[in-house]
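The values are calculated or read from the model by the stated rules, or taken from the named source; none is laboratory data. These numbers were taken from a predicted model, which means no experiment stands behind them. Cβ sites come from the backbone with ideal geometry, for glycine too, and all protein chains shown count toward neighbours. Remember, those area values only see protein heavy atoms, side chains included, never the ligands or the DNA or RNA. Shrake-Rupley method; radii C 1.70, N 1.55, O 1.52, S 1.80 Å.
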Amino acid sequence: MAKDFDTLEDSNRSSNPSIHDVSDPARRTLLRGGLGASLGALLAPLAGCQALPPAPGGTGGPALGFSAVAASAADAVIVPPGYTATPLAPWGEPVGIAGAMPAFRFDAGNSADEQAVQMGMHHDGLEYYALDGSRRGLLAVNQEYTDESLLHGDGQAAFSLEKVRKSQAAHGITVIEVERRDQQFEVVRPSRYARRITANTPFAIGGPAAGHQLMKTAADPAGRTVLGTIGNCASGKTPWGTYLSGEENWANYFTAADTPTAHERRWGINRATYYRWPEFDERFDTVRHPNEPNRFGWVVEVDPADPTSTPVKRTAIGRGAHEGAWVAVTKDQRAVVYSGEDARFEYIYKFVSRDRIQPAGNGKTAAQANATLLDHGTLYVARFDGDGSGRWLPLVHGAAAGRGPLTTEAGFADQGEVVIKARQAADLLGATKMDRPEWLAIDPASGWVYCTLTNNPARGTAGQPGVDAANPRARNTMGHIIRWQEQGDFSGETFQWNHLLLAGDPANPRAAAKGNVRGDAFAGPDTIAFDKRGVLWIGTDHDGSNQGEFARMGNNQLLACNPVSGEVRRFLVGPKHCEITGLTWTPDGRTMFLNVQHPGSGSPRDGSTPRQHSNWPDFNPAGRPRSSTVVVRRHDGGVIGA
């Protein structure tokens, strides 16, 4: 996501109690004043509970078979000895649509139409889909947002409809075909699979919000077709072969009246916006089109193997500033989708499908056989209790549930309104306000679910929620990783939780910024994913300033963690002003794909000095930094990290 942490959404002004309000008074005293003296206590809310994984520090787990790299502030991608890291498909490269493969112009001179068939900007989540095992496959890539100072030769100066269209064309999702040739991957061009999905691509609406009154607009009176997807952040891969993408910071694209409505305020929609789309595309002006924002903030599903398929917004999973979506499978073969909202004091959710996952057959692919699976089920929001237990609270309309506060009298006419106003519903249920829940990862061996909480400098400050058991540090600049185990099955309504770690640097003078990392210091845990050996990989998104509490952190990085011992080892460091995000592997584990997002971010908005902070990966003296996928391989062809 964008690196201006001062503009992060902070819209939760609900009065629902936090853990701090309901937990044991003696523990609250520890949380407020005892952090420096007793970090260990914060990591063991479930002391004596045998159902949870042990606190980090045990023995066993997957070996980390590489030499750690040092923190670095260089404008380069650094990997351990014996490894290579090669850029693949940077922003602006043609995706491979036959007859439409314009070259990237380093002066940012490509048109909107050309951008619509090129790699979008600021790569984020990605997944690999095998076509021929580990040799050839598809990559689905999120294009989260645009940096207007780099996208256009003169940045935001002389803004126009053409610039808006180019910006919209650089958003969304990309599908490319890749193939390993001479031990290195290349983009296959042309490819029948190549596809760009942008901010103007038609999407179907599935689930309880389809056709809802709050989804209807002048352009779509039926409320069943949306143009585009924006803010696409993290990714998930379903067992039936589709791609899930979360619409995250979509509120930034809309402008409201001088006094936004209560509904708009709860969703962070304000009068001013960094993006100037509403000036030239009126559907992003909520005064003219008040329901248009309700059509964003969903988890979207794409079939990467079928470029003719219509992508779908899955409203049963609930609306939010979705980081992404990750799928677990119950013992009876139902899908459970976990997601978090990357905003301060927002929530963690899960969705349990009503129906079982169906196999391919009868002339249908697995994707086609499960085309409506995510449209029916139950949505929940998490409450983390102070004793280390937790509960999933159902976001179900009162008339359907026969209980609960989500009623017509409370402002929820039906289940469609519940999912459209999922934040307000979660407020009313008393869900736990978290420190920016981002990526989740499900350990395939144990079933433990992990979630990164990237940071929240507002925690514990004047007028803001205080610390609690799940979010134990005031002015949380460093972030932490929480984990839980469902009771019985992934569909269970209760769980038990603890922390994997608190990020930080032990050399920091402020106790709450020291952390308890067993190994290489880091901050801003964001991307996480498990490989097949059980290593938990952690990509970071801290402020990149290399100043103050981040003085020794270096650029953002990728680390490997043994979740049993808690050991953390730095594997890769990215170029200046970047974020390390997105993570996927070929089936044999011998190729890792990741994304370097927004290198060189923070350049002046007029586009005058695009190379002010970085010129990676091309180092063209007349060019500009470009987000890119990176292919990591070992010289000897071995398994990554082993």
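Residues of segment 109-151 that are open to solvent by less than 10 Å² (accessible area, probe 1.4 Å) and either touching a His at 6+ places or on another chain (Cβ under 8 Å) or farther than 26 Å from P304 by Cβ (or both): G120, M121, H122, V141, N142, Q143, E144, T146, E148, S149, L150.
No other residue among G548, G534 is over 30 Å from K163 (Cβ atoms), modelled with pLDDT of 95 or more, touching a Gly at 6+ places or on another chain (Cβ under 9 Å) and small (G, A, S) apart from G534. Filter segment 564-587 down to residues that are touching a Leu at 6+ places or on another chain (Cβ under 9 Å) and farther than 19 Å from T84 by Cα and give me whichever is surrounded by the most Cβ atoms within 10 Å (Cβ to Cβ). Top of the filtered list is V568.
Determine whether A328 is open to solvent by 10 Å² or more (accessible area, probe 1.4 Å) and at pLDDT 95 or above.
So A328 does not fit the description; no.
Restricting attention to segment 461-489, the residues that are crowded, with 21+ Cβ neighbours inside 10 Å and at positive phi add up to 1. Just name the residue that is surrounded by the fewest Cβ atoms within 10 Å (Cβ to Cβ) out of those in segment 527-563 that are under 23 Å from S235 (Cα atoms) and hydroxyl-bearing (S, T, Y). It comes out as T540. Out of R473, R483, R533, one residue alone is among the basic types (K, R) and farther than 28 Å from A642 by Cβ. It is R473.
Answer with yes or no whether H499 is within 28 Å of V631 (Cα to Cα) and modelled with pLDDT of 95 or more. Taking the combined requirement at face value, the residue does not satisfy it. Restricted to segment 237-248, and to residues there that are surrounded by 23 or more Cβ atoms within 10 Å (Cβ to Cβ) and not hydroxyl-bearing (S, T, Y), the residue that is nearest to P359 (Cα to Cα) is L244.
Within the bounds of segment 308-320, is there any residue that is free of Cβ contacts under 8 Å to residues at least 60 places away in the same chain and not hydrophobic (A, V, I, L, M, F, W, C)? Quick ask: steps written out before the conclusion?
Here is the first cut: in segment 308-320, the ones free of Cβ contacts under 8 Å to residues at least 60 places away in the same chain are 308-309.
Within this subset, residues satisfying the condition of being not hydrophobic (A, V, I, L, M, F, W, C) are 308-309.
Within segment 308-320, one or more residues are free of Cβ contacts under 8 Å to residues at least 60 places away in the same chain and not hydrophobic (A, V, I, L, M, F, W, C).
In segment 344-457, counting only helices (runs of 4 or more DSSP H) that sit wholly within it, the ones holding 1 or more residues that are touching a residue at least 24 places away in the same chain (Cβ under 8 Å), touching a Lys or Arg at 6+ places or on another chain (Cβ under 7 Å) and open to solvent by 10 Å² or more (accessible area, probe 1.4 Å) span 422-429.
Might you check whether a residue that is farther than 26 Å from H263 by Cβ and out of contact with any helix residue (DSSP H, G or I) (no Cβ under 7 Å at 6 or more places or on another chain) occurs anywhere in segment 418-439?
Yes, segment 418-439 has at least one match.
Residues in segment 588-632 that are in a loop (DSSP other than H, G, I, E, B) and hydrophobic (A, V, I, L, M, F, W, C) were compared, and the one that is least open to solvent (accessible area, probe 1.4 Å) is W616.
Scanning segment 211-236 for residues that are among the aliphatic types (A, V, I, L, M) and buried (at least 20 other Cβ atoms within 10 Å of the Cβ) yields a count of 4.
Yes/no per residue for (1) among the basic types (K, R); (2) open to solvent by 20 Å² or more (accessible area, probe 1.4 Å); (3) under 23 Å from R459 (Cβ atoms):
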{"site": "S491", "(1), (2), (3)": "no, yes, no"}
{"site": "F495", "(1), (2), (3)": "no, no, yes"}
{"site": "G504", "(1), (2), (3)": "no, no, yes"}
{"site": "P509", "(1), (2), (3)": "no, yes, yes"}
{"site": "A512", "(1), (2), (3)": "no, no, yes"}
{"site": "G515", "(1), (2), (3)": "no, no, yes"}
{"site": "A521", "(1), (2), (3)": "no, yes, yes"}
{"site": "P525", "(1), (2), (3)": "no, no, yes"}
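In segment 102-115, the residues that are over 15 Å from K163 (Cβ atoms) form Cβ pairs under 7 Å with partners that are in a helix (DSSP H, G or I), at six or more places apart or across chains, as follows: P102/E114. Pull up segment 155-180, narrow it to residues that are at pLDDT below 95 and out of contact with any helix residue (DSSP H, G or I) (no Cβ under 8 Å at 6 or more places or on another chain), then point me to the one that is surrounded by the most Cβ atoms within 10 Å (Cβ to Cβ). That would be A157. When A234 is tested against (1) at pLDDT below 95; (2) outside any loop (DSSP other than H, G, I, E, B); (3) in contact with a strand residue (DSSP E or B) (Cβ under 7 Å, 6 or more places away or on another chain), only condition (1) is not met.
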